[in-house]
Structures are given as structure tokens and as C-alpha cells.
Amino acid sequence: MSLGEPLLEATDVRVAYQGHVAVEGVSVTLARGETIVLAGPNGSGKTSLLKGLMGLVPLQSGQVKWFGQPLERFREQRRLGYVPQQAPIQRAPMTALEVVELGARADPGKWFERRHVRSKALSALERAGAARLATRPFGKLSGGQRQLVLLAKALVGEPDVLLLDEPTTGLDALVKRHLLEWISEYGIRNHAALFMVTHDPALLDLPQARVLALKPRIGNLTSGPEPGERLAAGAPAVKAAVQDV
Ligand SMILES: Nc1ncnc2c1ncn2[C@@H]1O[C@H](COP(=O)(O)OP(=O)(O)OP(=O)(O)O)[C@@H](O)[C@H]1O
Ligand SMILES: [Mg+2]
């Protein structure tokens with residue numbers, strides 16, 4: 001693919017669970033260096049859309065291409081760094097550092113040496129301001145601590161696209177500011193794209209973000225203000241989401 005081509009191209013996406021339509025008629029593109037913030041009330045389909053785009057839930061209809069490859073043939077999942085809304089349950093007892101290492105191993109071509117994996121994972125934890133958690137059991141961390149560890153896991157593989165589902169939920173103001181700086185810096189340094197789902201006004205106000213809003217009505221994706229603009233007329237669903245917080 002050429003440099004100018006979008007990293008993500010999704011057309012007319014529909015996600016349904018046993019006949020219950022969660023997302024319908026959504027089209028969205030994401031370019032290198034771009035930040036999309038996806039808002040919308042509870043149950044409007046934000047998580048379902050994100051999962052549908054990544055192939056974690058089946059699409060009922062529509063087309064998704066990553067890096068020019070149709071989702072069905074896309075095999076470079078390591079280029080996508082994903083942090084889900086709810087931390088997956090760790091069945092094996094693992095330390096925070098071991099969880100981050102899983103992200104580093106996702107790119108075996110680059111980091112096949114164990115020591116290198118460990119040092120990459122440690123640096124990522126340090127960048128998260130969470131180095132002190134390295135030897136703690138992941139399952140015993142607080143919600144906010146887990147969020148930081150999972151973000152370190154997503155970033156250690158140096159993905160081209162970072163997909164974060166409500167990344168700031170449960171974080172205190174200081175940690176949140178640190179996390180937003182970290183993500184923004186990562187995006188700029190790696191010329192990566194960010195796709196974040198949120199209810200958090202701090203993210204909706206990110207100056208470089210393109211804000212999209214899923215309405216509670218099925219299948220309506222509304223474009224919000226252009227990057228740099230504040231929540232003005234024309235983004236009613238975004239405003240509603242902000243008021244919900
Ligand atoms: N696994 C599932 N099985 C059946 N229905 C589901 C499933 N996951 C989500 N839904 C339904 O799909 C709709 C959209 O849910 P989704 O989790 O995508 O919303 P959301 O916008 O992410 O909400 P929130 O802001 O609360 O995270 C809801 O009506 C929900 O009940
Ligand atoms: Mg959700």
C-alpha cells in the first residue's frame with residue numbers, strides 16, 4: 001500500500017448479536033498519524049464497533065480493510081495494539097511484567113531473545129510510570145493499575161494503530177494526564193494512528209482528535225467538529241455523551 005492510503009477503511013459495518021443489532025451503517029477511515037475519538041451513550045455500540053473492526057466479533061455485513069487487506073485475509077494483528085474495556089481474566093497467575101512481555105512476543109521476528117523481551121517490557125512499564133508493579137501479580141492489581149499495564153502491553157509491540165476502549169476509566173487525574181501525554185507522544189513519534197472510545201471530556205477535547213459519535217439510535221455515525229475545534233453545533237450526540245459523564 002502507498003503511504004497515503006488509509007490504515008483502516010470500513011464501509012457500512014453492521015454488528016448484531018443473535019438478531020439484536022448493535023451497530024449498523026457505520027463507515028469510517030483512519031489515516032496514519034490521525035486520532036479518532038469515538039463517543040456515544042452506553043449501549044450505543046462503541047465496543048461492538050471496535051471489536052467488529054478487529055474481527056473479534058463477526059460482521060453481519062459491511063467491509064473492513066486494514067492496511068489495504070480485507071479483514072478476512074488480514075494476518076498482521078500485531079500491527080494493532082488493543083486495550084479492551086474490561087481486562088481479560090488471566091487464567092495463569094502472571095506478574096505485571098509477564099503480561100507486558102506477551103505484547104513484546106507478538107513480534108517474534110524482532111524480539112526473539114528473552115532478555116531483549118524483558119528489557120523492552122520493563123522500559124514500557126517504566127514509561128507507564130508503573131515499574132514498581134513489575135513483580136506484582138497482575139490479578140491483584142487495582143483497575144487503574146491494570147489499565148496502565150495493559151497499555152504498556154499494547155505499546156511494547158510498537159503497533160501502527162492503537163485501539164483503546166475507554167482507556168481513562170478509573171484513573172485519577174494525574175495518572176490520566178500522564179497516560180494521555182504518553183499516548184499522544186507515541187502517536188507522534190511512531191506516526192501511528194489512535195482510535196479511542198470514551199465518555200471522558202478530556203479525550204473529547206484533545207486538540208488533534210477527530211470526534212465521532214455513535215447515536216443511541218441504531219446505525220447513525222455523526223461527524224463531530226474538525227480537529228482543533230471544540231464541541232460546537234453539529235455534534236449533538238457528542239454533547240449528550242459529555243453530559244452523561
Ligand atoms: N456479547 C453480547 N451479546 C449480546 N448483546 C451484546 C453483546 N455485547 C454487547 N451487546 C449489546 O450490544 C449493544 C451495544 O453494546 P456495546 O457494548 O457495544 O455498547 P457501548 O457503546 O460500548 O456501551 P458502554 O458505553 O456501556 O461501554 C448493547 O445493547 C448490548 O447489550
Ligand atoms: Mg463499551
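Annotations for the structure displayed:
- Condition check for residue 120: at pLDDT 90 or above and within 16 Å of ligand 2 (Cβ to nearest atom): no
- Check on residue 26, within 16 Å of ligand 1 (Cβ to nearest atom) and either assigned to a strand (DSSP E or B) or more than 14 Å from the chain's Cα centre (by Cα) (or both): yes
- Residue satisfying condition, being in contact with a strand residue (DSSP E or B) (Cβ under 7 Å, 6 or more places away or on another chain) and either assigned to a strand (DSSP E or B) or of a type outside the set (A, V, I, L, M, F, W, C) (or both), within set 72, 9: 9
- Among the residues listed as 166, 185, 181, 158, the single one being within 16 Å of ligand 2 (Cβ to nearest atom) and within 17 Å of the chain's Cα centre (by Cα): 166
- Which listed residue, of 129, 68, 55, 43, is on the phi > 0 side of the Ramachandran plot and within 16 Å of ligand 2 (Cβ to nearest atom): 43
- Some residue of region 29-39 being within 14 Å of ligand 2 (Cβ to nearest atom), surrounded by fewer than 18 Cβ atoms within 10 Å (Cβ to Cβ) and assigned to a strand (DSSP E or B): no
- Test: residue in region 193-200 that is loosely packed, with under 15 Cβ neighbours inside 10 Å, touching a helix residue (DSSP H, G or I) at 6+ places or on another chain (Cβ under 7 Å) and closer than 20 Å to residue 87 by Cα: no
- Pairs where the first residue, in region 112-130, is touching a residue at least 24 places away in the same chain (Cβ under 8 Å) and surrounded by 15 or more Cβ atoms within 10 Å (Cβ to Cβ) and the second is in a loop (DSSP other than H, G, I, E, B) and of a type in the set (A, V, I, L, M), C-beta under 7 Å, 6+ apart: 122/134; 125/134
- Looking only at region 131-155, residues that are polar (S, T, N, Q) and touching a residue at least 60 places away in the same chain (Cβ under 8 Å) come to 1 in all.
- Count of region 181-208 residues which are under 27 Å from residue 43 (Cβ atoms) and modelled with pLDDT under 90: 8
- Residues that are within 13 Å of ligand 1 (Cβ to nearest atom), part of a loop (DSSP other than H, G, I, E, B) and farther than 17 Å from residue 129 by Cβ within region 154-176 comprise 166, 169, listed in sequence order.
- Taken together, the residues in region 51-67 that are more than 8 Å from ligand 1 (Cβ to nearest atom) and either among the hydrophobic types (A, V, I, L, M, F, W, C) or surrounded by fewer than 16 Cβ atoms within 10 Å (Cβ to Cβ) (or both) amount to 11.
- Residue within region 183-192 that is away from ligand 1 (no atom under 16 Å from the Cβ), in contact with a Phe, Trp or Tyr (Cβ under 9 Å, 6 or more places away or on another chain) and closer than 19 Å to residue 77 by Cα present: yes
- Of the residues contained in region 95-102, none is found to be closer than 19 Å to residue 216 by Cβ, part of a strand (DSSP E or B) and either more than 12 Å from ligand 1 (Cβ to nearest atom) or touching a residue at least 24 places away in the same chain (Cβ under 8 Å) (or both).
- Residue 207 being assigned to a loop (DSSP other than H, G, I, E, B) and crowded, with 19+ Cβ neighbours inside 10 Å: no
The values are calculated or read from the model by the stated rules, or taken from the named source; none is laboratory data. Here the structure is a predicted model, which means the values were calculated and not measured. Neighbour counts are summed over all protein chains in view; Cβ atoms, including those assigned to glycine, are modelled from backbone coordinates with ideal geometry.
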